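Contents: one structure, followed by commentary.
Computed from the coordinates by the stated procedures, all read-outs in this text should not be read as laboratory data. The structure displayed is predicted, hence computed values, not measured ones. Cβ sites come from the backbone with ideal geometry, for glycine too, and all protein chains shown count toward neighbours.
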Amino acid sequence: MKAEMIANTYQFLLNGEWRESLSGKTIENQSPSDNTPVGSVQAMTENEVNLAVTGAKAAQKDWANLSFSERAELLYAWADQLLEMKEEIAETIMKEVGKGYSSAEKEVVRTADFIKYTAEEGKRIHGELINGGSFNAGSANKLAMVQREPLGVILAISPFNYPVNLSAAKIAPALIAGNAVVFKPATQGAISGTLMVRALDKAGLPSGLVNLVTGKGSEIGDYLTTHPSIDLINFTGGSETGEYISKKASMIPVILELGGKDPAIVLNDADLEKAAGDIVGGGFSYSGQRCTAIKRVLVLDEVADALVDKLKDKIKALEVGMPEDNATVTPLINEKAADFVQQLVDDAVGKGATPLTDIRREGNLVYPVLLDNVTVDMTVAWEEPFGPVLPIIRVQNIEEAVIIANESEYGLQASVFTKNVEQAIRIGSELEVGSVQINGKTERGPDHFPFLGVKNSGLGAQGIRKSIESVTREKVTVLNMS
Ligand code: NAP
């Protein structure tokens, strides 16, 4: 079914048809850069949300009956369509969420690669045979055939910051495993998400297999997450929202990818030039609006001055400006986000932190801030800013660094910079995080690596194989031989 776009108003996909909501209401998205309208999405009614979920449920059985190879064909075609629409989608991501154009384009290409790899990996998912006699001799006549089955209808809820990549990272594994999907993009990001679904529709999506739900999470979220026909919720977003959703979801599994406060721990023998480059890249790309951004530096006092000098130089060289100019630091997603960063900076400076860059803001554009001499009584030492501010906490020894790293409510990733790899591994084993990066910035990917957070950073694991396994259950058939 051909998608229609009326002026800048986008429709939702329900059971193979692109439609406008009977609510008669739309939500306008404005550019974070200059508040110009980017377009509007439909504010769906509860009844329409219900049709989306029940339609997906109805479509799932036929889809699950197809072979992995047949399902993979849809994913390959989807990846091709995404690449064909690359410029249009990248431009929309740029305008809608304020991401530099080349990063937006990379997001689309990475997504196509992700989808293709998922199709390949799906073909390699297989079950196992377990011999009962391995447990006790009396069970030797039993043989368990363990196969993987789809869960049913997956609810995919994505955040604003990677509106295409983090959406496809939920939809593709669900589809290859034989599930149907109800996809609810972040409202600011919903136009990019809609174009991604349009690519899937063009690729030959069976009617109802992926239904698109648009509307504010605060309005339709509860109805969606408690719908009895949802079999798993795969959510990426803030920890508070994630915790709320996990409390609402009853007797169904949830996968949560939440916030972070990733530290970079810099030891005396670190290659400071490399560490500084990775910290600035990790801390400031897309203005720090990444879950795995480096959000604090824990540096040993002996090398702190030298590191700080290098950080300062590299931050000065960052391009600050508009996404259209491919700047690295661009306006934050909205005014509230910029206000929050400003408050964190004001609180820290008020309590004695030393700003080493000019504190400057124009609308939602917050210039990169490097804060030295941050102490643990400052809010910026603990809160996720989701903006371009990097606190430096000077520590006396490795033990202190580990204690501060672990005192965080979050546990997504951590970096350790040192030439002593054995020591890095030892430190890594003490850090309460999902992943440790030795001599590299914290980041997601390559996408087939396991990706997970502990504590308030998440629940469950992602990474292509893990993501596929997460949306399946094991089914055991026992053959009792005479
Ligand atoms: P958010 O405000 O928590 O929103 C995430 C999604 O949840 C949006 O689609 C939102 O819809 C929806 N939502 C809100 N309330 C809901 C409810 N009651 N029921 C159901 N859905 C609801 O997060 P964000 O600002 O978009 O993203 C930033 C956060 O995501 C940061 O904390 C970041 O660290 C985290 N993140 C984590 C990862 C990771 O992999 N760990 C990756 C990226 C981002 P609306 O937009 O309509 O409100």
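Tabulated data for the structure shown
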read-out: Mean separation of Cα contacts under 8 Å, 6 or more apart, over the residue count of the chain: relative contact order %; value: 17 percent
read-out: Where only C-alpha atoms are counted, convex hull volume of the stretch 1-78 per residue in Å³; value: 130 Å³
read-out: Per principal axis, descending, Cα span of the stretch 215-325 in whole Å; value: 57, 35, 16
read-out: Protection-proxy order for peptides 368-381, 335-348, each taking the mean of Cβ atoms within 10 Å per residue, highest first; value: 368-381, 335-348
read-out: Other-chain or far-sequence residues with amide H under 5 Å of F451's (modelled H); value: Q462, G463
read-out: Nonlocal amide H pairs with G440, under 5 Å, H built at 1.01 Å; value: V416
read-out: Ratio Rg/Rh, restricted to the stretch 59-127 and using Cα atoms, in which Rh is the Kirkwood radius; value: 1.12
read-out: 28 Å Cα-Cα threshold exceeded, pairs from K170/K455; K123/K247; K314/K455; K216/K314; value: K123/K247; K314/K455; K216/K314
read-out: Whole-number D in µm² s⁻¹ for the chain, Kirkwood Cα-pair radius fed into Stokes-Einstein, 25 °C, 0.890 mPa s; value: 105 µm²/s
read-out: Whole-Hz couplings from phi, Karplus 6.51/-1.76/1.60, listed for the stretch 181-193; x for Gly and Pro; value: 9, 10, 10, 10, x, 4, 4, 7, x, 6, 6, 4, x
read-out: Value at 222 nm in deg cm²/dmol, rounded to 500, when DSSP H runs of n ≥ 4 in the chain each add -39,500 (n - 2.57); value: -12500 deg cm²/dmol
read-out: 11 Å beta-carbon shell around R473, net charge (K/R +1, D/E -1); value: -2
read-out: For the stretch 280-295, 3J(HN,Hα) per residue [Karplus equation, 6.51 cos²θ - 1.76 cosθ + 1.60, θ = phi - 60°, Hz, x = Gly/Pro]; value: 5, x, x, x, 10, 5, 6, 6, x, 8, 10, 4, 9, 4, 6, 10
read-out: J(HN,Hα) series, the stretch 20-36, from Karplus relation 6.51 cos²θ - 1.76 cosθ + 1.60, nearest Hz, glycine and proline x; value: 9, 7, 6, 5, x, 10, 10, 10, 8, 9, 10, 5, x, 6, 9, 6, 6
read-out: In range of the label at L143: residues from the stretch 448-482 whose backbone nitrogen is under 18 Å from the point 7 Å along Cα→Cβ; value: 475-482
read-out: Cβ-based exposure ranking for Y76, Y286, in which fewest neighbours within 10 Å come first; value: Y76, Y286
read-out: Where only alpha carbons of the stretch 358-482 are counted, the Rg and the Dmax (Å); value: 19.8, 81
read-out: Cα gyration tensor shape for the stretch 20-134, rounded if a/c is under 1.5, else prolate or oblate; value: oblate
